[in-house]
1. Whether any residue in region 58-73 is exposed (fewer than 12 other Cβ atoms within 10 Å of the Cβ) and of a type in the set (A, V, I, L, M) is what I want to check.
2. Let me confirm something: among Lys48, Lys71, Lys18, which residue is part of a helix (DSSP H, G or I), in contact with an Asp or Glu (Cβ under 7 Å, 6 or more places away or on another chain) and at pLDDT 95 or above?
3. Which one of the conditions (1) of a type outside the set (Ser, Thr, Tyr); (2) surrounded by 11 or more Cβ atoms within 10 Å (Cβ to Cβ); (3) closer than 26 Å to Gly14 by Cα does Asp51 fail to meet, given that it meets all the rest?
4. Name the single residue that is nearest to Asp83 (Cα to Cα) among those in region 1-24 being loosely packed, with under 15 Cβ neighbours inside 10 Å and of a type in the set (D, E, K, R).
5. When you check Thr42 against the structure, is it under 16 Å from Asp7 (Cα atoms), of a type in the set (S, T, N, Q) and open to solvent by less than 50 Å² (accessible area, probe 1.4 Å), yes or no?
6. Could you please tell me which pairs satisfy a Cβ distance under 8 Å, a separation of 6+ or placement on different chains, a first residue in region 13-37 that is small (Gly, Ala, Ser), and a second residue that is in a helix (DSSP H, G or I) and surrounded by 15 or more Cβ atoms within 10 Å (Cβ to Cβ)?
7. Is there a residue being at positive phi, touching a residue at least 12 places away in the same chain (Cβ under 8 Å) and more than 15 Å from the chain's Cα centre (by Cα) anywhere in region 40-63?
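The values are calculated or read from the model by the stated rules, or taken from the named source; none is laboratory data. Only a predicted model underlies this, so the values are computations on that prediction, with no experimental measurement involved. As a convention, Cβ positions derive from the backbone with ideal geometry for all residues, glycine included, and neighbour counts pool all protein chains shown. When the accessible area is computed, the model is the full protein with side chains, heavy atoms only, and any ligands, DNA or RNA have been set aside. Shrake-Rupley method; radii C 1.70, N 1.55, O 1.52, S 1.80 Å.
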Amino acid sequence: MKTGLYDSELKVMGVLWKEGDTTAKDIAAILNQKLGWSKTTTYTIIKKCIDKELIQRRDPNFVCRALVTRKQAQEYEAMELVDKMFDGSSDMLVASLINGKRLTRDQLGRLRNLINSVASI
């Protein structure tokens, strides 16, 4: 990914990640039902995603395909957050998450296991 996702682009991408290849018409119908978006609004956002190389358009029927996975977007956005808010310090992000919210023992255990698995690499 070359650039981050705006919330509106994330909504369109979310449909594609959930549904797979989908026509623009169907994306518009889903987002109209879910968010009240007009067809014009949805098509404008799809065009922006195409320009950012997040979506590929195929004809006939204006079929949209996600060129970026949800995981790729999550990783990009997480690193952007770390760089922007924590001066590139991932440990400060984790500390903020731990200090800002009470985590259950189960959540702490999963976090501990994740750290241990990454540390052993």
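1. Scanning region 58-73, I find no residue that is exposed (fewer than 12 other Cβ atoms within 10 Å of the Cβ) and of a type in the set (A, V, I, L, M), so the answer is no.
2. On the way: Lys71 fails: in contact with an Asp or Glu (Cβ under 7 Å, 6 or more places away or on another chain); Lys18 fails: in contact with an Asp or Glu (Cβ under 7 Å, 6 or more places away or on another chain).
Of the residues listed, the single one that is part of a helix (DSSP H, G or I), in contact with an Asp or Glu (Cβ under 7 Å, 6 or more places away or on another chain) and at pLDDT 95 or above is Lys48.
3. Going through (1) of a type outside the set (Ser, Thr, Tyr); (2) surrounded by 11 or more Cβ atoms within 10 Å (Cβ to Cβ); (3) closer than 26 Å to Gly14 by Cα one by one, Asp51 breaks only (2).
4. Lys2
5. On the way: under 16 Å from Asp7 (Cα atoms): yes; of a type in the set (S, T, N, Q): yes; open to solvent by less than 50 Å² (accessible area, probe 1.4 Å): yes.
So Thr42 passes the test.
6. Sorted first by the residue in region 13-37, then by its partner, the pairs are Ala24/Thr42; Ala24/Tyr43; Ala24/Ile46; Ala28/Thr42; Ala28/Tyr43.
7. Pass one, region 40-63, residues at positive phi: 53, 61-62.
In the following step, the residues that additionally are touching a residue at least 12 places away in the same chain (Cβ under 8 Å) were identified as 53, 61-62.
Pick out the ones that are also more than 15 Å from the chain's Cα centre (by Cα) and you get 61-62.
Yes, region 40-63 contains a residue that is at positive phi, touching a residue at least 12 places away in the same chain (Cβ under 8 Å) and more than 15 Å from the chain's Cα centre (by Cα).
Table: residues versus (1) in contact (Cβ under 8 Å) with a residue 24 or more places away in the chain; (2) of a type in the set (Val, Ile, Thr); (3) more than 30 Å from Cys49 (Cβ to Cβ).
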position	(1), (2), (3)
Val68	yes, yes, no
Phe86	no, no, no
Ser90	no, no, no
Asn99	no, no, yes
Arg105	no, no, yes
Arg112	no, no, yes
Ser117	no, no, yes
